[in-house]
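A short write-up of the structure that comes next.
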Amino acid sequence: MDWFTILKRIMVVAVFLGSVSVAYANDLVPIGKWKTIDDETHLPRSIIQLWDDNGQLKGKIEQIFYQPGEQINEICDKCPDDWHNQKKIGMTILWGFTQNPNNQLQWINGKILDPKTGKIYQCQLTLTETGKELKVRGYIGIPLLGRTQQWLRQVEE
């Protein structure tokens, strides 16, 4: 085998490994669509789109799953300030997150708005090692005083 054939094979393997690592790395950032699950009913609640905005993670409501018998409320009448009476679909409810320099799977120093109550909480996001689930911890004061929801990554079709 000549050196040119060997070099070609090395290049093919390198391209393959590079594409695999990029696909894996994309699962280790929370950018994309996430299905939220209701804490009490354990039913799907909404789809949230997360994106990077100049180094800060933000999220907006893309879809809401209303439960049977639940009153449909398209506007956030309990929300404060700029969110008051804004349509829930398209509303930014997560903002200000930066990646934790000590944990590549965690985003910290963010805020989350609960459109059901109109309350704003401090928040941190932690990806599972597979990148398929996102732990969303909303709290007041310190993370110990809060609650965590599991969000499920939605595959783009």
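The values are calculated or read from the model by the stated rules, or taken from the named source; none is laboratory data. Keep in mind the model is a prediction, meaning the values are calculated, not measured. Neighbour counts run over all protein chains shown; Cβ positions are idealised from the backbone, glycine included.
From the set of residues in the range 138-157 that are closer than 20 Å to Ile64 by Cα and free of Cβ contacts under 8 Å to residues at least 60 places away in the same chain, which is farthest from the chain's Cα centre (by Cα)? Top of the filtered list is Glu157.
Selection of first residues in the range 55-72 that are in contact (Cβ under 8 Å) with a residue 24 or more places away in the chain and among the acidic types (Asp, Glu) and of second residues that are in a strand (DSSP E or B) and surrounded by 15 or more Cβ atoms within 10 Å (Cβ to Cβ), restricted to Cβ pairs under 8 Å at least 6 apart or on distinct chains, gives the following pairs, ordered by first then second residue: Glu62/Lys33; Glu62/Ser46; Glu62/Ile47; Glu62/Ile48; Glu62/Gln49.
Residue check: is Leu105 in a strand (DSSP E or B) and in contact (Cβ under 8 Å) with a residue 40 or more places away in the chain? Considered against the rule, which asks whether it is in a strand (DSSP E or B) and in contact (Cβ under 8 Å) with a residue 40 or more places away in the chain, Leu105 comes out as yes.
Is it true that Asn73 is surrounded by 11 or more Cβ atoms within 10 Å (Cβ to Cβ) and outside any strand (DSSP E or B)? Considered against the rule, which asks whether it is surrounded by 11 or more Cβ atoms within 10 Å (Cβ to Cβ) and outside any strand (DSSP E or B), Asn73 comes out as yes.
Please specify each residue of the range 107-120 satisfying the condition of being buried (at least 17 other Cβ atoms within 10 Å of the Cβ) and in contact with a strand residue (DSSP E or B) (Cβ under 6 Å, 6 or more places away or on another chain). Passing the criteria: Trp107, Ile108, Gly110, Ile112, Leu113, Ile120. Do the conditions hold for Gly118, that is, is it assigned by TED's automatic domain parsing to the domain that holds Asp81, within 15 Å of Trp51 (Cα to Cα) and free of Cβ contacts under 8 Å to residues at least 60 places away in the same chain? No.
Quick check: anything in the range 31-44 modelled with pLDDT under 95, more than 21 Å from Gln104 (Cβ to Cβ) and outside the structural domain of Phe97 (by TED's automatic domain parsing)? No: the range 31-44 contains no residue that is modelled with pLDDT under 95, more than 21 Å from Gln104 (Cβ to Cβ) and outside the structural domain of Phe97 (by TED's automatic domain parsing).
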